[in-house]
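Notes to accompany the following structure.
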């Protein structure tokens, strides 16, 4: 996620700045390209009925635990 979210203490990332790994979500190649074509925050709100910031925080919290990460993703769908 490059956009900022003050409630999660996440500042926006600059054009050539890599966001912290805590703000990364796995996407397939097709969806990765789509979210680059339009504004990322708009893409998330149009595509998925979930909060990507919350999902980032939940996945980062269980980093290294593949089963827990898969469970979070299954429940988010």
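Every read-out reported here was derived from the displayed coordinates using simple, explicitly stated rules and does not represent laboratory data. On a predicted model such as this, the values are computed, not experimentally measured, just so you know. Cβ coordinates were reconstructed from backbone atoms using ideal geometry, including for glycine residues, and neighbour counts include every protein chain displayed.
Each of 21, 51, 65 was scored by other Cβ atoms within 10 Å of its Cβ. Arranged with the fewest first, they read 21, 65, 51. Taking Cα atoms only, the orientation of helix 66-76 departs from the longest principal axis of the chain by about 60 degrees. Counting every other Cβ atom within 10 Å of each residue's Cβ, 55, 7 order from fewest to most as 7, 55. Helix 52-61 and the longest principal axis of the Cα set of the chain meet at an angle near 50°.
Computed extension length for residue 68-residue 42: 6.6 nm, one decimal, from 0.36 nm per residue of separation with the Cα-Cα distance subtracted. Here, segment 6-76 has an Rg and a Dmax of 12.6, 33 Å when only alpha carbons are counted.
Using just its DSSP H runs of length 4 or more, each adding -39500 (n - 2.57), the chain gives a mean residue ellipticity at 222 nm of -14000 deg cm²/dmol after division by all residues.
Counting every other Cβ atom within 10 Å of each residue's Cβ, 72, 38 order from fewest to most as 38, 72.
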